[in-house]
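Encoded as structure tokens, the structure appears first; notes follow it.
The values are calculated or read from the model by the stated rules, or taken from the named source; none is laboratory data. Please read these numbers as outputs of a predicted model, since none were measured by experiment. Neighbour counts are summed over all protein chains in view; Cβ atoms, including those assigned to glycine, are modelled from backbone coordinates with ideal geometry.
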Amino acid sequence: MARTSIIPADPDLRDALRLAALFAVFKLVLHIATNAWEAHIGWGYFRDELYYILCGQHLAWGYVDHGPMVAVQARLAILLFGKSLVGLRLFSALAGAKQVFLTGLIAWALGGRRPAQALAMLCVMVAPQYLGIDSFLSMNSFESPFWMSCILIVILMQRRAIAGVPRPQLWLVLGTVAGFGLLNKPSMLFFLSALLIGILLTPQRRLLASRYFFFAIALVVLITLPYLLWQIHNHFPTWEFLRNGQVKNKNVILSPLAFLGAQITQVHPLTIFVWVAGLVSLLRNKSAHGYRWIAFTYLIFIALMMTMHAKDYYVTPIYPMLFAAGGIAWERTFALRGWGKGLIQRNRAFAFPIMQSLLIITGILILPMAIPVMRPQTWVAYTRALHLKSDNTENEKTGPLPQFYADRFGWQEEVDAVSRIYHTLPPADQARVGIYCSNYGEASAINFLGAKYGLPFAISGHNNYYLWGPNGYSGELMININGSSLEEMKQVYTSVEIVGRMDNPWSMPYEHRNIYLARGRKVNLSSEWPEFKLYI
């Protein structure tokens, strides 16, 4: 069987599978353990998790700011595990484990032996961005597994074609994966575009000369058609959401140099010696030219993201394939040094343990920057002592904690305050009072955590809450949580009083705000609902 890999492939696939499974299990256990520890030391639900849970209670083929899969993920997690933080985040932890597993298989498929596979998977495991997104309920944790599944399928098709036993039917598998990847997050479309262009720029374009490739496109369209119809029916809210993020300057816009610098920190600074080695090897090493399309895919995709002024972490799902190629480049480099077998083995035994040890040690040191495994006070002291800095991707003022951590505080206090206000009202007022919140985090906290208190459904104009509507409220009697001043509220209602306050010291500064009890809205809330739309 002919091979065109960077170095001869490990003939025993079972060894590669066992090694990949071992690393994947370790990754899964890490997240289960840290999530259990987080709950023990007082960290709560992340803002977006609360929102996804509510989306799971309102299942649909689309949502303003995300695809339908994360809502299904949330619905299943609550059904199976209740309000457990560990259970809620289990699917994301499993996705992270799959990402590690696929990285090992990609390294094997490219011709890597066990040292290359292990180095590639270790790079994935210590990357701060992967540690972070795999530690909470999110569609982002599934991005890389979907992308890397496509990469592995193309590699396997290429290997089969070279061996003289082509399997173009694998395009159908790729089409299925791509379709569900699009239901997970629209960014899959940009990755697929970069992948297609990368393949077209190389001789591997001949893989596209099959009816199964066009069947795969049809599969993608068929799977995503309900989502597209939902977008059309709701006047393309996702496009409006993305456009508003640019127009209203919600996100931090980085220069090309700063954007590249962010890539280094997102996937751990030391891994640059692996993924850059992989990128260079794919472009320059003659024995790797058959897989040059992988390098082109990366270069096209990162250029596209920089052009679109995307968030820096939008690129990170693509790096496992470069880690795989980089592990092989390391293996090949040290295998070529020396004149005798003994010297080769000593070079390899010297280089890999040093790099892997450095990755593990530094990975442990920066773990608290990705997963909140310390109490807030300890975290602040730790980061100051080590001069570590956590970057935000949005233009919002932060407090003592970065937004990714701060958005886990204040929700229970909000629910307790609103519950106290609600239950002090006369029964007649309780029957007609509504609750309005300025964002989906505040509303979702009340609707999920406050369900046991019998609170009415909280409404908001923020993202998908706008589509769920005003719940029939006229505004005659409302509990309002927003950033408006008392004077501003009195311009809208005939009677307003401050009855509570959100003021958790660890929450985001904009979540330090008053809670109002307002009566007699001057304009009916339901009739004015279009003015509440906030897609951002």
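Among the residues of region 219-271, those identified as part of a helix (DSSP H, G or I) and hydroxyl-bearing (Ser, Thr, Tyr) are THR224, TYR227, THR238, THR265, THR271. Scan region 249-289 for residues that are touching a Ser or Thr at 6+ places or on another chain (Cβ under 9 Å) and either modelled with pLDDT under 90 or of a type in the set (Phe, Trp, Tyr) (or both) and jot them down. Once the filter is applied, which keeps residues that are touching a Ser or Thr at 6+ places or on another chain (Cβ under 9 Å) and either modelled with pLDDT under 90 or of a type in the set (Phe, Trp, Tyr) (or both), region 249-289 yields ASN251, VAL252, SER287, ALA288, HIS289.
Taking region 374-420 as the range and being over 14 Å from PRO505 (Cβ atoms), of a type in the set (Lys, Arg) and at pLDDT 95 or above as the test, only ARG420 passes. Criterion first (touching a residue at least 60 places away in the same chain (Cβ under 8 Å), surrounded by 24 or more Cβ atoms within 10 Å (Cβ to Cβ) and among the β-branched types (Val, Ile, Thr)) does ILE328 satisfy it? Spelling it out, ILE328 is indeed touching a residue at least 60 places away in the same chain (Cβ under 8 Å), surrounded by 24 or more Cβ atoms within 10 Å (Cβ to Cβ) and among the β-branched types (Val, Ile, Thr). So is ALA288 among the hydrophobic types (A, V, I, L, M, F, W, C), under 24 Å from LEU174 (Cα atoms), part of a helix (DSSP H, G or I) and in contact (Cβ under 8 Å) with a residue 60 or more places away in the chain or not? For ALA288, the condition - among the hydrophobic types (A, V, I, L, M, F, W, C), under 24 Å from LEU174 (Cα atoms), part of a helix (DSSP H, G or I) and in contact (Cβ under 8 Å) with a residue 60 or more places away in the chain - is met. Screening LEU88 on (1) out of contact with any Ser or Thr (no Cβ under 9 Å at 6 or more places or on another chain); (2) without any contact (Cβ under 8 Å) to a residue 60 or more places away in the chain; (3) farther than 27 Å from MET369 by Cα shows it passes everything except condition (3). Residue check: ASN184 meets all listed conditions (1) closer than 30 Å to TYR465 by Cα; (2) crowded, with 22+ Cβ neighbours inside 10 Å; (3) in contact with a Leu (Cβ under 7 Å, 6 or more places away or on another chain) but one, namely (3). Once region 1-43 is narrowed to residues that are touching a Phe, Trp or Tyr at 6+ places or on another chain (Cβ under 6 Å) and at pLDDT 95 or above, the residue that is surrounded by the most Cβ atoms within 10 Å (Cβ to Cβ) is ALA20. Can you name the residue in region 235-292 that is surrounded by 15 or more Cβ atoms within 10 Å (Cβ to Cβ), of a type in the set (Gly, Ala, Ser) and under 23 Å from the mean Cα position of the chain (by Cα) and is also farthest from TYR130 (Cα to Cα) among such residues? Among those that are surrounded by 15 or more Cβ atoms within 10 Å (Cβ to Cβ), of a type in the set (Gly, Ala, Ser) and under 23 Å from the mean Cα position of the chain (by Cα), it is GLY245. Take TYR440 and tell me if it is within 27 Å of SER84 (Cβ to Cβ), in contact with a His (Cβ under 8 Å, 6 or more places away or on another chain) and surrounded by fewer than 19 Cβ atoms within 10 Å (Cβ to Cβ). Considered against the rule, which asks whether it is within 27 Å of SER84 (Cβ to Cβ), in contact with a His (Cβ under 8 Å, 6 or more places away or on another chain) and surrounded by fewer than 19 Cβ atoms within 10 Å (Cβ to Cβ), TYR440 comes out as no.
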